Structures are given as structure tokens and as C-alpha cells.
1. Restricting attention to the stretch 162-181, and to residues there that are outside any loop (DSSP other than H, G, I, E, B) and aliphatic (A, V, I, L, M), which single residue is nearest to residue 17 (Cα to Cα)?
2. Determine whether residue 109 is in contact with a His (Cβ under 8 Å, 6 or more places away or on another chain), more than 27 Å from residue 200 (Cβ to Cβ), surrounded by 13 or more Cβ atoms within 10 Å (Cβ to Cβ) and of a type outside the set (A, V, I, L, M, F, W, C).
3. Which is modelled with pLDDT under 95, of a type outside the set (Asp, Glu) and surrounded by fewer than 16 Cβ atoms within 10 Å (Cβ to Cβ), of 71, 92, 60?
4. Please go through the stretch 79-103 and pick out each residue that is over 15 Å from residue 52 (Cα atoms) and not in a helix (DSSP H, G or I).
5. Among what's in the stretch 45-57 and is without any contact (Cβ under 8 Å) to a residue 40 or more places away in the chain and not polar (S, T, N, Q), pick the residue that is most open to solvent (accessible area, probe 1.4 Å).
6. Output yes when any residue across the stretch 192-214 is small (Gly, Ala, Ser), under 19 Å from residue 33 (Cα atoms) and open to solvent by 10 Å² or more (accessible area, probe 1.4 Å), and no when none is.
7. Is there any pair with a first residue in the stretch 112-124 that is open to solvent by 40 Å² or more (accessible area, probe 1.4 Å) and a second that is among the polar types (S, T, N, Q) whose Cβ atoms are under 9 Å apart and which are 6 or more apart or on different chains, and what are they?
8. In the stretch 25-44, how many are in a helix (DSSP H, G or I) and either of a type in the set (A, V, I, L, M, F, W, C) or surrounded by fewer than 21 Cβ atoms within 10 Å (Cβ to Cβ) (or both)?
Amino acid sequence: MPSHPPADFTQRAKTHLSAINMRWASLIEQIGDCRHQTAPHREPYEALMRAVAYQQLTTRAGDAMVAKLLRVHGDVFPTPEQILACSTDTLRQCGFSARKADTLHGIAQGALSGLVPSLEQAAERDDDTLIQQLTSLKGIGRWTVEMFLIYSLERTDIMPLDDLGIRQGLRYVYDLQDMPKPRDLQALSLQCQPYRTVASWYLWRALELPAYQSFKLAHR
């Protein structure tokens, strides 16, 4: 998988997704061009820590936690050694729960032991290898690793099916009465290959549309 998709990649993705069904086509027409943004400069260690901050929280809450963590460390992202030296109480003052504090300590230890690879090492490994390797860390699930794959490694065919927004979006674009089961979600996502990252970007934004709100009311 290329680190940097070709210039016309998102256009090809739009064409592919629009051809799946009329609801996909309508969704893309309403939202417009894909404006997916990544942060490819971040090391896996930092990317995973940032992802932990956002687990089960709003973007605003996650931003606030990361900002407090940076302030404690002179407005620069702390090193693994600094995180390990950070007490659970200090991390909790930044907004992290005791469980998330343990996870941060585990990621820092993993970075020092080599379990968490460098950015260069991660770029050479496939998606499944990285998911298996990094989910062995306490408190790191598949969703967290998939966020890293999407935003730090710029992988182009990732759809985080554990994400509620993705599940709701798939239910909408396929006009399903009930929330699809995990096996069915996987089958639906395969129709979006090899553009599942772009598809995910659109699915997240589907929930903001008036048409989705009408769909939601009709399928209570």
C-alpha cells in the first residue's frame, strides 16, 4: 500500500463509492470533496497516546486532555521516559482516567522495549501485523490502532467497524431497518474496497446531514 496515495485517489474513490448505490451517490454529492487530513509526522508512540485521549470522548474533550498533558511538559509532547515518570495522579489531573493512565504507561514502556515500533518500522509492516502487535498493549484495542493506521500511516483501505459512527453510517447508506451485525458490517465494508478510508470519512459526516436525521427518526 503506498504511503502517499496518487493525486487522483480521492476522485477514484468517489467514483467507486457512488457506483455502489444511489444512497452512497447522494451522500457524496451532499458532502462534496473528501477533505481527509492526516498527521504523518507523528511517531506511533505519540499517535497511540493521542488516540487514547479520544477513546469514548468528544474531540473537544480529547483536545483538552492532550493540551493539559503538553502544558505539564513544557508544551512539547513528553518522551516515554517522561510519561513513565508521570504519576497516575498527575495524568488524572490532565483528565485521563486511572485506566487510561495505565494505558499511557504501557505505551511508554512498549516504546522503550521495542513493542511499539518507530514510524519507519511501522511503515514497512502491513495493517494486520500492526493491529496484532499493538493490540497486545493493555488498553489498546483495534479501533485505536486503526486510528493510527488512518491518520499517521495514511493507510487508504481502513474502515473501523467498532466505531459507532461508522456503523450508523453504513446502516444509513444501505437503508437497513436494524443495525447490522458484525459479520454483515464486514461484508458491507468490502464493497468499499480499496477505498475504505475515504468511505469512512464520508460515513462519519453522514450523521450531520438532515437526511440522516430523518432516517434516524424513521428507524427508531
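1. Filtering the stretch 162-181 for residues outside any loop (DSSP other than H, G, I, E, B) gives 164-173.
Then drop every residue that is not aliphatic (A, V, I, L, M), which leaves 164, 166, 170, 173.
Numbers: 164: 20, 166: 15, 170: 12, 173: 11 Å.
Checked the stretch 162-181; the qualifying residue nearest to residue 17 (Cα to Cα) is 173.
2. Criteria not met by residue 109.
3. Matching residue, one of 71, 92, 60: 60.
4. 79, 86, 87 - these are the residues of the stretch 79-103 that are over 15 Å from residue 52 (Cα atoms) and not in a helix (DSSP H, G or I).
5. Taking the stretch 45-57 as the starting set, the residues that turn out to be without any contact (Cβ under 8 Å) to a residue 40 or more places away in the chain are 46, 50, 56-57.
Retained after the next criterion (residues that are not polar (S, T, N, Q)): 46, 50, 57.
Working: 46: 37, 50: 45, 57: 80 Å².
Step by step, filter the stretch 45-57, then rank; the result is 57.
6. Here is the first cut: in the stretch 192-214, the ones small (Gly, Ala, Ser) are 199-200, 206, 211, 214.
Filter once more, keeping what is under 19 Å from residue 33 (Cα atoms): 199-200, 206, 211.
Narrowing further to those that are open to solvent by 10 Å² or more (accessible area, probe 1.4 Å): 211.
Taking every residue of the stretch 192-214 in turn, at least one turns out to be small (Gly, Ala, Ser), under 19 Å from residue 33 (Cα atoms) and open to solvent by 10 Å² or more (accessible area, probe 1.4 Å).
7. Close Cβ pairs (under 9 Å, with a partner that is among the polar types (S, T, N, Q)) amount to 114/121; 115/109; 115/133; 115/136; 123/3.
8. The number of residues fulfilling the criteria is 7.
The values are calculated or read from the model by the stated rules, or taken from the named source; none is laboratory data. The structure presented is a predicted model; accordingly, all values stated were derived computationally and were not measured. Cβ sites come from the backbone with ideal geometry, for glycine too, and all protein chains shown count toward neighbours. Accessible surface areas use protein heavy atoms only, side chains included; no ligands, DNA or RNA. Shrake-Rupley method; radii C 1.70, N 1.55, O 1.52, S 1.80 Å.
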